[in-house]
Amino acid sequence: MPVAAVLIALLAGLLSAVGGAAGVPAADASTTQESLFQDDNLLLYRGDATADATLRELRGLGVTMVRVTVPWRAFAPAHRARTRPAAFTDATDPAQYDPIVFDLHDHLLRVAARLGMKVLFNVTGGAPAWATGRRDGRFVSLQYKPDARAFRQFVQMLGTRYDGRHRDENQGGAEIPRVSAWSIWNEPNQGAGLQPQWERDRHGRLVPVAPRIYRGLAQAMLSALRATGHGGDTILLGETAPRGVDRRTTTGSLRPVPFLAGLLCLDAATLTPLTGQAARDQACDLRSASRRLAVTGYGHHPYSIVSSPATPDPDARDITLADEARLGRLLDAGAARGLLPPRLPYWWTEYGWQTRPPDPVRGVDPAAQAQWLAEAEAQTRADPRTAALGQFLLVDDLPRDEPGATLERRWGTYQSGLELADRTHKPGYDAYRLPFVLTGTRAWGLVRPVAGGAATATGAGATVQLEHAPAGSDAFTDVGEPVPVAADGTVTTTMGPVEPGRYRFRWSPPEAGAAPAGGLAGLLHPGAGTSAAPTFTSAVATVAPA
């Protein structure tokens with residue numbers, strides 16, 4: 001039986017054991033860090049059966065929370081129209097929206113609730129065309145100067161509809177689960193997410209304007225959430241991208257350090273308050289700029305693209321996972337000014353590496369993806385300020401089917417999944433389910449179902465076993481005694497002198513099955529076929545001969 005099927009069966013057994021899906025307890029009792037996941041394609045846009053299977057698979061992988069996009073334009077009526085529909089008189093009223101536009105998210109919320117998983121709503125653009133700004137009287141894009149007042153009305157509608165008391169309008173009147181986790185926009189420091197990034201003022205000076213536009217959107221969303229009883233929810237600021245460019249244009253993406261500094265009315269170099277013209281450029285002299293942003297965390301996408309999670313970005317204006325101190329200094333400086341709560345937690349809401357293969361243009365070796373996924377988990381769980389680490393994609397996107405397109409264009413989709421497009425597992429699948437890091441004589445790991453609070457998935461007194469295979473051999477043998485799993489799911493052990501070869505952890509849940517094979521597996525595991533796997537094993541750490 002494929003591992004994915006085993007995990008789904010394991011969850012099905014867990015649900016039946018407690019008398020049905022609705023009785024599953026929340027999966028956060030012992031969580032110290034959310035295991036966050038995003039794959040909108042599978043969770044929202046491939047039908048209910050695919051969404052259900054995906055959620056069950058993710059739950060079996062130990063995922064505790066999923067992040068899904070909530071695009072304003074997808075809900076707003078006549079979003080391509082240049083003027084707001086005359087019949088759309090109250091944008092805060094859920095009844096004035098077509099009930100069909102909510103069905104995908106409603107279904108996701110119901111199934112996630114039955115599986116004990118949380119859902120993070122990333123409310124973002126593009127905006128409906130009738131709620132965007134104009135340049136020289138002409139429409140520019142759905143990302144251009146979204147109207148903060150209209151955005152507030154949209155979020156107020158969402159807060160009302162997802163307060164846990166609203167009844168579904170077109171699916172039998174069932175109660176819709178409450179949404180208690182929100183994030184504000186997606187990558188507002190990127191031209192694809194918010195425009196303009198730069199704009200000429202009346203004196204002809206190029207000024208970065210995306211920070212002040214985003215501040216207005218953030219204040220609007222916070223106001224709407226407070227008004228609808230969500231003021232005490234998890235609310236994330238930022239959702240910023242890790243890098244930018246030096247091109248000063250409408251779509252010339254700002255680097256995250258100057259973007260966040262502008263948002264917080266700080267000088268990016270000195271972290272002191274902006275003054276004079278710089279303060280006026282960011283509207284820091286307005287009353288709204290001094291209002292505290294009452295968020296509970298900061299969302300960021302710390303991709304390092306082709307580098308390890310421990311590799312700092314050479315540009316001090318960018319922020320990858322190894323640059324968390326840069327982010328912390330900015331957030332703490334904002335807190336010192338009273339604009340943010342102190343010691344705001346980090347939510348790394350998108351992360352991962354594209355693999356090559358299957359992408360022939362960009363990416364890292366699948367073995368490197370597996371190793372770095374585990375190292376990132378160990379790195380973030382050692383940081384008490386980290387609240388979540390998110391994996392972006394379960395399954396690789398297919399290349400674009402565009403006759404005559406360049407290779408770069410065809411493969412401009414995302415291959416950061418743990419599975420290839422035909423559902424063959426990459427080594428990263430095992431590395432995600434059972435992260436394993438070997439540093440000298442210290443082995444560290446994580447059993448995610450324990451970390452996710454599902455103690456029944458591992459059993460009381462769960463253990464893992466360290467194994468070793470000599471160089472050139474596939475025969476793994478036990479090293480030492482079984483290692484107990486801590487309450488937070490982590491596993492740590494120190495061994496004697498390491499030997500050349502490969503090390504890994506083995507974990508024995510109540511059920512197991514066969515390793516995946518076939519399809520594109522030859523790209524990732526040359527010569528490999530179907531092999532019995534009575535237990536789950538981590539990706540391996542290799543020790544070279546001295």
What's the number of the condition LEU321 fails, among (1) crowded, with 21+ Cβ neighbours inside 10 Å; (2) among the aliphatic types (A, V, I, L, M); (3) farther than 15 Å from GLU375 by Cβ?
(3)
Does region 393-411 hold any residues that are at negative phi and buried (at least 16 other Cβ atoms within 10 Å of the Cβ), and which are they?
LEU394, VAL395, ASP396, ASP397, PRO399, ARG410, TRP411
I'd like the residue in region 369-392 that is hydrophobic (A, V, I, L, M, F, W, C) and in contact with a helix residue (DSSP H, G or I) (Cβ under 9 Å, 6 or more places away or on another chain) and, out of all such residues, is surrounded by the most Cβ atoms within 10 Å (Cβ to Cβ).
ALA370
Of the residues in region 500-532 that are assigned to a loop (DSSP other than H, G, I, E, B) and surrounded by 16 or more Cβ atoms within 10 Å (Cβ to Cβ), the one that is modelled with the highest pLDDT is SER508
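The rows are residues; the columns are (1) of a type in the set (A, V, I, L, M); (2) at pLDDT 95 or above; (3) at positive phi; (4) more than 22 Å from the chain's Cα centre (by Cα).
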site	(1), (2), (3), (4)
ALA322	yes, yes, no, no
ARG326	no, yes, no, no
LEU330	yes, yes, no, no
ARG337	no, no, no, yes
LEU344	yes, yes, no, no
THR349	no, yes, no, no
Please enumerate the residues belonging to region 194-219 that are under 24 Å from the mean Cα position of the chain (by Cα), farther than 15 Å from GLY133 by Cβ and of a type outside the set (S, T, N, Q).
PRO211, ARG215, ALA218
Condition (residue is at pLDDT 95 or above, surrounded by 19 or more Cβ atoms within 10 Å (Cβ to Cβ) and within 14 Å of ALA268 (Cα to Cα)) applied to region 296-309: is it met by at least one residue?
no
Members of region 143-170 found to be of a type in the set (Gly, Ala, Ser) and touching a residue at least 24 places away in the same chain (Cβ under 8 Å), listed by number
ALA148, ALA150, GLY159
Note on THR69: of the conditions (1) buried (at least 22 other Cβ atoms within 10 Å of the Cβ); (2) in contact with a Ser or Thr (Cβ under 7 Å, 6 or more places away or on another chain); (3) farther than 20 Å from GLY164 by Cβ, unmet is (1)
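Only one of GLY231, GLY276 is in contact (Cβ under 8 Å) with a residue 60 or more places away in the chain and not hydrophobic (A, V, I, L, M, F, W, C); which?
Within the list GLY231, GLY276, the selection yields GLY231.
Yes/no per residue for (1) of a type outside the set (Phe, Trp, Tyr); (2) more than 25 Å from ASP488 (Cβ to Cβ):
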position: GLY390; (1), (2): yes, no
position: VAL395; (1), (2): yes, yes
position: PRO399; (1), (2): yes, yes
position: ALA405; (1), (2): yes, yes
position: GLU408; (1), (2): yes, yes
position: TRP411; (1), (2): no, yes
position: LEU420; (1), (2): yes, yes
position: ASP430; (1), (2): yes, no
position: PRO435; (1), (2): yes, no
For the condition farther than 24 Å from PRO273 by Cβ and either within 22 Å of the chain's Cα centre (by Cα) or at pLDDT 95 or above (or both), what is the one hit in ASP365, ASP318?
ASP365
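The values are calculated or read from the model by the stated rules, or taken from the named source; none is laboratory data. Being a predicted model, the structure only gives us computed values, none of them experimental. Ideal geometry is used to build each Cβ from the backbone, glycine not excepted, and the neighbour counts take in all protein chains shown.
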